[in-house]
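I have placed the structure first, in the form of structure tokens, so that the comments after it can refer back to it.
The values are calculated or read from the model by the stated rules, or taken from the named source; none is laboratory data. This structure is a prediction, so every number in the text was calculated from the model and none was measured. Here Cβ is always computed from backbone atoms with ideal geometry, including for glycine, and neighbour counts include all displayed protein chains. Each accessible area value is taken on the protein alone, full model and side chains, heavy atoms only, with ligands, DNA and RNA left out. Shrake-Rupley method; radii C 1.70, N 1.55, O 1.52, S 1.80 Å.
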Amino acid sequence: MQTKSLILFMPSIEGGGVEKNLIIISNYFSKKIKNIKLISAENRLQNFFNKKINFISPSRKFSKNKNKITKYLICLFLLFKEYLKNKNFIIFAFQANIYAIIFAKILNIKIITRSNSSPSGWSKNPLKKILFKFFLPMANEIIVNSYDFKKQMDKEFNLETKLILNPFDYKKIKKLKNEKIKDNFFKDKKNFKIINTARLTDQKDHLTLLKAFKIINKKIKSKLLIIGSGKNKEIIKNYISENNLHYSVKLIPFQNNPYNYINAADLFILTSKFEGLPNVLLEALSLKKFVISTNCPTGPSEILLHGKAGYLFEIGNYKQLAKKILIHYKKQRRNRLMTNYGYLSLSKYDYKKNCEKYFNLISDYLKNE
């Protein structure tokens, strides 16, 4: 039977958890779908995608330093060009969902979207909320990646979303975790080593992390490594400098392999204000690292089994975070039981099982009517 082609829509590829899921799911699809394309305004991570995937993007110079809205519009133009060549495709949007839905509905194309973060983080704007309430139900399918996320989306926007947990590729992490680290920042074994990997944005709230570290650094010999890139880089650097933390805190850009750094750490901390289902917590647990995270919507509480597999603290409460860090420092041996408990729960995020759920969902839409 002749089938439609699949176009993946991801205008801005920045190197976070959404991108990791895009790469994993796309590469799985490439084994089962003959004609698959990916439209993005950026091609810097193109080498991570299977060569069977046709990458459609403008030149790197053209898209460099463009804001997100511009990238969305560029990609809609590229999508329209594909439509003019061949109308026989479906869209799977990983980003810019409302833009993609409007485009698909105007041209009568089937569209599946994947929402990436809790509406708590983006639905406070009344106009935005109205737009999402109107347009989201027009998608043929909406996929979310955590139980609490599904509850929020269904209630807030009167939807019937599909839940598929993040497909977690532990084999890849296992291969990369022992790669040699050139950086000597974590070399001294006497230091208590803390790590955070996240985009440098308001959502990830690095200032809460730094304020907590400032407190604990006066009480225990410690080091904090922050891995990430983003618009808040200068704000973070200024805080480190103004508080004389440059000997104890290091900021390095996004790494293709952060797993060897996480593997070298004693503690992983996430300070996000909102999430969807943060991949990085799964990665830290898979490396048997103790985790402290905000109890933000949505995902961390699910992953940490409501506090049985790691500590949770209130969003923005740096004093509470500092207290939790010091408690863990004193109870490291005892807390290994919590980490192991979390590690054993990771099977539900199985790579093959969850990728197959994605494929099964879109297969019917790929058949010609």
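Figures for the structure shown
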quantity: Using θ = phi - 60° and Karplus 6.51 cos²θ - 1.76 cosθ + 1.60, couplings along the range 264-273 (whole Hz; Gly, Pro as x); calculated: 7, 8, 9, 8, 10, 10, 10, 10, 4, 7
quantity: Backbone HN-Hα couplings from phi across the range 147-154 [Karplus 6.51/-1.76/1.60, Hz, Gly and Pro as x]; calculated: 5, 5, 4, 4, 4, 4, 5, 5
quantity: Net charge of neighbours whose Cβ lies under 14 Å from the Cβ of Phe103, counting Lys and Arg as +1 and Asp and Glu as -1; calculated: +3
quantity: Expected-Rg normalisation [2.2 N^0.38 Å, Cα atoms] applied to the range 44-181; calculated: 1.22
quantity: Whichever aspartates and glutamates have a C-alpha closer than 19 Å to that of Lys187, once near sequence neighbours (fewer than 8 apart) are set aside; calculated: Glu179, Asp266
quantity: Label point 7 Å beyond Cα of Glu156 along Cβ direction - residues of the range 73-103 with amide nitrogen under 15 Å; calculated: 96-98
quantity: Per-residue HN-Hα couplings for the range 178-194 [Karplus 6.51, -1.76, 1.60; θ = phi - 60°; Hz; x = Gly/Pro]; calculated: 9, 4, 5, 8, 6, 6, 9, 4, 9, 5, 5, 5, 6, 7, 7, 9, 10
quantity: Simple spin-label estimate for Asn243 and Asn88 in nanometres, 7 Å along Cα-Cβ; calculated: 5.9 nm
quantity: Straight-distance crosslink candidates among aspartates and glutamates, where the alpha carbon sits under 20 Å from Lys66 and sequence neighbours closer than 8 are dropped; calculated: Glu14, Glu19, Glu42, Asp202, Glu234
quantity: Tensor-based shape of the range 324-369 (alpha-carbon gyration tensor, a/c under 1.5 rounded, otherwise prolate or oblate); calculated: prolate
quantity: Scaled radius of gyration (Cα, divided by 2.2 N^0.38 Å) that the range 237-369 gives; calculated: 1.27
quantity: Extended-chain gain in nm, criterion 0.36 nm per residue less alpha-carbon gap, Leu107 and Asp350; calculated: 83.9 nm
quantity: Net lengthening on full extension, Phe48/His306 (0.36 nm per residue, minus Cα-Cα); calculated: 89.5 nm
quantity: Extent along principal axes [Cα atoms of the range 140-200; Å; largest to smallest]; calculated: 53, 24, 18
quantity: Subset of Lys151/Lys352; Lys68/Lys155; Lys223/Lys348; Lys177/Lys330; Lys175/Lys289; Lys189/Lys331 violating a 23 Å alpha-carbon distance limit; calculated: Lys151/Lys352; Lys68/Lys155; Lys223/Lys348; Lys177/Lys330
quantity: Accessible area per residue, Å², the range 254-358 with all protein chains present, probe 1.4 Å; calculated: 41 Å²
quantity: Rounded to the nearest 20 debye, dipole of the chain from Cβ charges on Lys, Arg, Asp, Glu; calculated: 1160 debye
quantity: Surface accessible to a 1.4 Å probe, per residue, for the residues of the range 74-114, Å²; calculated: 40 Å²
quantity: Dipole magnitude (debye, nearest 20) for the range 38-150, charges at Cβ of Lys, Arg, Asp, Glu; calculated: 340 debye
quantity: Relative counts (whole %) of C-alpha pair distances in the range 193-283, using bins that are 10 Å wide; calculated: 16, 54, 28, 2
quantity: Estimated D of the chain in µm² per second, where Rh is the Kirkwood radius over Cα pairs and Stokes-Einstein applies at 10 °C, 1.306 mPa s; calculated: 74 µm²/s
quantity: Theoretical FRET efficiency, 1/(1+(r/R0)^6), r = Cβ-Cβ of Phe55 and Tyr147, R0 35 Å, to 0.05; calculated: 0.55
